[in-house]
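Asks: Starting off with a structure, shown below.
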Amino acid sequence: MAHSAKKKIIFALSVLFLSRVFASDVTQERLVRFSLWAQMDVYPGYFEGDTASESVREMNRQNDGDDVYSVPVRKIREVAPFFVGGMVYGWKFEYTPYDKARGVEEVFEFSPVFGLSDADKERIRYAKPWVKDDVLSAWVEFPRTEEQMHFYYFWRSVIHPRVSGIGYAPLSDGFDGIKSASEEALRNAVREYARKKIKTKPKLVSGTVLISEPALIGIDAGRYRVSLDFFMETDRILEYKTF
């Protein structure tokens, strides 16, 4: 392989979005750090046909076919901050449980507590890429500021219970599926917490979570599988006054 081609691959790997996130042994209080990987033959054109989401179709249209890393490079800048933001600032949620007897449909919404600033995004680093068995891997790193470390210490205190959940989404949704599966993982974590801690089914539960460990994202039976662990703070629990 020519030297210029090797340099191109190393550069691409250094900004690669990968389809799986592994927990690391690194202490997360000072440095958010997790490894990511993806199969090299996924792009381009892996998600085609009627089942592909519009965002995936657009990525395929934009890809010139000459650089197998062009799509992952574009997507890392969209998805990596999603997980970094969940680990640094957290997510707000509002959950209305399903209640057949009352005719209430399940509703779940979540959003970032704070969006990453431009300065935050510039501090995200992509390090030590490697290739093995047609899989591209790299580390994503984000050094917390002193203020962000104090925020993490607050969340790590004993007053905040830990909850966890698993979510799924179709592979045909591309990387948008990872976000959808993460939302389902959070919903399942909140639902399980409510079942264990609240005696009667509530009308509404709202609160905030902070991702406590790097996500675990894999593929299971043609779907993305996302496992997430959180620190949780409940802001409000509304109960039904009468049946």
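The values are calculated or read from the model by the stated rules, or taken from the named source; none is laboratory data. Computed from a prediction, not measured in an experiment: that's the story for all the values here. No Cβ is skipped: glycine too gets one built from the backbone with ideal geometry, and neighbour counts run over all protein chains shown. Remember, those area values only see protein heavy atoms, side chains included, never the ligands or the DNA or RNA. Shrake-Rupley method; radii C 1.70, N 1.55, O 1.52, S 1.80 Å.
Asks: Just give me the residues in the range 192-243 being among the small types (Gly, Ala, Ser) and more than 28 Å from Phe142 (Cβ to Cβ), in sequence order.
Replies: Ala194, Ala221, Gly222
Asks: Among the numbered criteria (1) at pLDDT below 95; (2) closer than 19 Å to Phe82 by Cβ; (3) not in a strand (DSSP E or B), which one does Glu184 miss?
Replies: Every condition holds for Glu184 apart from (1).
Asks: Still on this model: If you take the residues of the range 79-122 that are among the small types (Gly, Ala, Ser) and farther than 13 Å from Lys179 by Cβ, which of them is modelled with the highest pLDDT?
Replies: Gly90
This table checks each residue for (1) of a type in the set (Phe, Trp, Tyr); (2) out of contact with any Asp or Glu (no Cβ under 7 Å at 6 or more places or on another chain); (3) surrounded by 17 or more Cβ atoms within 10 Å (Cβ to Cβ).
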{"residue": "Val140", "(1), (2), (3)": "no, yes, yes"}
{"residue": "Thr145", "(1), (2), (3)": "no, yes, no"}
{"residue": "Arg156", "(1), (2), (3)": "no, yes, no"}
{"residue": "Ile159", "(1), (2), (3)": "no, yes, no"}
{"residue": "Gly167", "(1), (2), (3)": "no, no, yes"}
{"residue": "Ser182", "(1), (2), (3)": "no, yes, yes"}
{"residue": "Ile217", "(1), (2), (3)": "no, yes, yes"}
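Asks: Next question, about the same structure. In the range 226-236, is there at least one residue being open to solvent by 10 Å² or more (accessible area, probe 1.4 Å), modelled with pLDDT of 95 or more, in a strand (DSSP E or B) and within 18 Å of Val84 (Cα to Cα)?
Replies: yes
Asks: Let me ask you something else. Could you check, for the range 155-163, whether at least one of its residues is modelled with pLDDT under 90, more than 26 Å from Ala127 (Cβ to Cβ) and outside any loop (DSSP other than H, G, I, E, B)?
Replies: no
Asks: Can I ask one more? Select, from Arg57, Arg125, the only residue that is more than 23 Å from Ala215 (Cβ to Cβ), at pLDDT below 95 and among the basic types (Lys, Arg).
Replies: Arg57
Asks: Filtering the range 169-180 down to residues that are under 12 Å from the mean Cα position of the chain (by Cα) and surrounded by fewer than 20 Cβ atoms within 10 Å (Cβ to Cβ), which residue is nearest to Glu106 (Cα to Cα)?
Replies: Ser180
Asks: Give the residue, chosen from Lys201, Lys196, that is at pLDDT below 95 and under 12 Å from Val163 (Cα atoms).
Replies: Lys196
Asks: Sticking with this one: With the condition kept exactly as written, say whether any residue in the range 191-207 is part of a strand (DSSP E or B), closer than 29 Å to Arg123 by Cβ and open to solvent by less than 20 Å² (accessible area, probe 1.4 Å).
Replies: Yes: the range 191-207 contains one or more residues that are part of a strand (DSSP E or B), closer than 29 Å to Arg123 by Cβ and open to solvent by less than 20 Å² (accessible area, probe 1.4 Å).
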